[in-house]
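The values are calculated or read from the model by the stated rules, or taken from the named source; none is laboratory data. All figures in this text were calculated on a predicted structure; none of them were measured in a lab. As a convention, Cβ positions derive from the backbone with ideal geometry for all residues, glycine included, and neighbour counts pool all protein chains shown.
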Amino acid sequence: MKLLLLHGWGGSDSPHWQAWLAAEVAKDYGTVSFPLIQHPHFPHLNRWRKEVLNHLEEFRPDTVVTHSLAGTLWFHLAHEGSLPFQIRRLILVAPPSLHTQLETISSFYPCPLPKDLYADEVTMVVSDNDPYLTLSEAEELSRHFDCVLKILHDAGHINADSGYGEWPWILEKVRSE
């Protein structure tokens, strides 16, 4: 497995679950890439698009795990048809609403809904009280992509602030074949 972790707005440094996951996979000599996308606190779609596409070409992962705004970025790349190849697994964790209206991340919106996510298997993980995505929007996305939807109870935005540092479920998920 070659695992690529893509963080959201502000990054996902420790104690965020993505930082923990990268360390856990690396501990067992797994192949993992967890790049810091430039200007994480002031993201811009064009910069992030270019950087992530370059990283995909160089690293060539078979599994990609996105958090938050990185899921929105993946939607843009898939809609444009700019993803360079099909991956085996995509896990979208806490993607924000496609209608988000926050000034700092405004270059990512509006976000078109792609027909294909360039992944053989897609799982979306959401919380029933995420401030950035309603459960009905999550269910709508899941139906559109015909993907597995895992709903966590009272998990907020599924980040360190909501208690998601160590997260055994995600480690088991990426290790499963």
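Evaluation of residue 122 against the conditions (1) surrounded by fewer than 17 Cβ atoms within 10 Å (Cβ to Cβ); (2) within 24 Å of residue 62 (Cα to Cα); (3) free of Cβ contacts under 8 Å to residues at least 40 places away in the same chain shows that the sole unmet condition is (1).
Going by the structure shown, is residue 166 in contact with a Phe, Trp or Tyr (Cβ under 7 Å, 6 or more places away or on another chain), of a type in the set (D, E, K, R) and touching a residue at least 12 places away in the same chain (Cβ under 8 Å)? For residue 166, the condition - in contact with a Phe, Trp or Tyr (Cβ under 7 Å, 6 or more places away or on another chain), of a type in the set (D, E, K, R) and touching a residue at least 12 places away in the same chain (Cβ under 8 Å) - is met.
Taken over segment 77-97, the criterion of being within 21 Å of residue 42 (Cβ to Cβ) and either surrounded by 19 or more Cβ atoms within 10 Å (Cβ to Cβ) or aliphatic (A, V, I, L, M) (or both) is satisfied by 77, 94, 95, 96. Close contacts from segment 5-16, counting a first residue that is under 21 Å from residue 60 (Cα atoms) and a second that is assigned to a loop (DSSP other than H, G, I, E, B) and among the β-branched types (Val, Ile, Thr), with Cβ to Cβ under 8 Å and a gap of 6+ residues or different chains, come to 6/37; 7/37. Residues of segment 51-81 that are more than 9 Å from residue 4 (Cβ to Cβ), of a type in the set (A, V, I, L, M) and in contact (Cβ under 8 Å) with a residue 60 or more places away in the chain: 69, 70, 73. With the structure loaded, tell me whether residue 151 is of a type in the set (Val, Ile, Thr) and under 22 Å from residue 4 (Cβ atoms) or whether it fails that test. No; evaluated as a whole, the condition is false for this residue. Candidates are the residues of segment 141-172 that are in contact with a Ser or Thr (Cβ under 7 Å, 6 or more places away or on another chain) and closer than 13 Å to residue 124 by Cβ; the one that is surrounded by the fewest Cβ atoms within 10 Å (Cβ to Cβ) is 148.
Identification of strands (runs of 3 or more DSSP E) wholly contained in segment 1-99 with 1 or more residues that are basic (Lys, Arg) and at pLDDT 95 or above yields 2-6, 87-93. Within segment 1-27, work out how many residues are basic (Lys, Arg) and out of contact with any Pro (no Cβ under 8 Å at 6 or more places or on another chain). Counting residues in segment 1-27 that are basic (Lys, Arg) and out of contact with any Pro (no Cβ under 8 Å at 6 or more places or on another chain) gives 1. Close contacts from segment 125-141, counting a first residue that is farther than 12 Å from residue 158 by Cβ and a second that is crowded, with 22+ Cβ neighbours inside 10 Å and not acidic (Asp, Glu), with Cβ to Cβ under 8 Å and a gap of 6+ residues or different chains, come to 135/126; 141/95; 141/124.
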